[in-house]
């Protein structure tokens, strides 16, 4: 069996970090010969940094909303990039705080949020970062992915932005809403498509695949996996796409283990 887990607010929580019950359940799952990995909009470094010091290993990494897939050793299974000229065009249209990932380096770009920038840099002192005062300072033809970050209360704006990108640039890129954030990867990439790639890489069957997540950007996982889980407190339209509801990741794992 293979279980793909979203990272933020599924496996890792911004205030509490990792739950001991989840870490123990993951270890039991892997010791039983099953595969566990992350399926997230984060970069590789974005996963390695918060997991350092924990007894936690992954059998695969689905990163950047499916634009980058790595094996347990961090070797590339699949990768797809975006043309940077189009990325700059989309960022300039929205004029919000943006992050760009290329070759596992994260770049930060702000428009007029000077106070917010200062607060961000103070809050994330330990996070490797390069702030781009000008998008043209990044002299590349392609990047792995980018994200647009709206204010916490601007979920509807994030939804509208997601729809706009998919309608206007759908032949080049695909946008996924994650609460007030919009994660963007190359066209054809998604968490769901990436799980199928990992399935083929490990020579598994569809019935061996499981997935769990908490937000709208996890819906592509649910659409490609016959055994999908979300939480009882997830948004209703996310719950409508999942097959099972649980209270926690460890509850999900225990349920999977008992059905085998």
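Read-outs: derived from the displayed coordinates by stated rules, not from any lab. Only a predicted model underlies this, so the values are computations on that prediction, with no experimental measurement involved. Every residue, glycine as well, gets a Cβ built from its backbone with ideal geometry; the counts of neighbours run over all protein chains shown.
Axis angle, to the nearest 10 degrees, between helix 155-169 and the longest C-alpha principal axis of the chain: 80 degrees.
Please arrange 42, 19, 199, 31 by counting, for each residue, the other beta carbons lying within 10 Å of its beta carbon, fewest first.
On the way: 42 24, 19 15, 199 18, 31 8.
Starting with the residue having the fewest Cβ neighbours, the order is 31, 19, 199, 42.
Annotation for the stretch 50-68 versus the stretch 223-260: alpha-carbon center distance of 20 Å.
Would you mind calculating the relative contact order of the chain from Cα pairs under 8 angstrom and at least 6 residues apart, reporting the percent as a whole number?
Values: 478 pairs, mean separation 50.1, N = 260.
Once normalised by length, the contact order is 19 percent.
Assuming a ≥ b ≥ c are the square roots of the Cα gyration tensor eigenvalues, decide whether the stretch 220-260 counts as rounded (a/c under 1.5), prolate (otherwise, with a/b larger than b/c) or oblate. In terms of gyration-tensor shape, oblate. Between rounded, prolate and oblate, where does the chain land on the alpha carbon gyration tensor, with a ≥ b ≥ c its root eigenvalues, rounded for a/c under 1.5, else prolate if a/b exceeds b/c? Since a/c reaches 1.5 and a/b is larger than b/c, the shape of the chain is classed as prolate.
Counting other beta carbons within 10 Å of each Cβ, put 218, 208, 236 in order, fewest first. Write down the numbers at each step before the final one.
Details: 218 30, 208 17, 236 6.
In increasing order of surrounding Cβ atoms, one gets 236, 208, 218.
Taking other C-beta atoms within 10 angstrom as a stand-in for reagent exposure, 106, 257, 173 fall in the order 257, 106, 173, fewest first. From its DSSP helices (H runs of at least four residues, each -39,500 (n - 2.57)), the chain gives a residue-normalised ellipticity at 222 nm of -9500 deg cm²/dmol. The angle separating the long axis of helix 114-123 from the principal Cα axis of greatest extent in the chain is about 40 degrees. Using only alpha carbon pairs under 8 Å that are at least six residues apart, calculate the relative contact order of the stretch 128-181 and give it in whole percent. The normalised contact order for the stretch 128-181 reaches 36 percent.
The angle between the Cα long axis of helix 84-94 and the longest principal axis of the Cα atoms of the chain comes to about 80 degrees, rounded to the nearest 10.
The overall shape of the stretch 172-249 is oblate: from the C-alpha gyration tensor, with semi-axes ordered a ≥ b ≥ c, the ratio a/c is 1.5 or greater and a/b is no larger than b/c. Taking 1.567 mPa s as the viscosity and 4 °C as the temperature, the Stokes-Einstein diffusion coefficient of the stretch 55-111 based on its alpha-carbon Kirkwood radius rounds to 99 µm²/s. Contact order for the stretch 1-101, expressed relative to its length and based on alpha carbon pairs under 8 Å spaced 6+ residues apart, stands at 20 percent.
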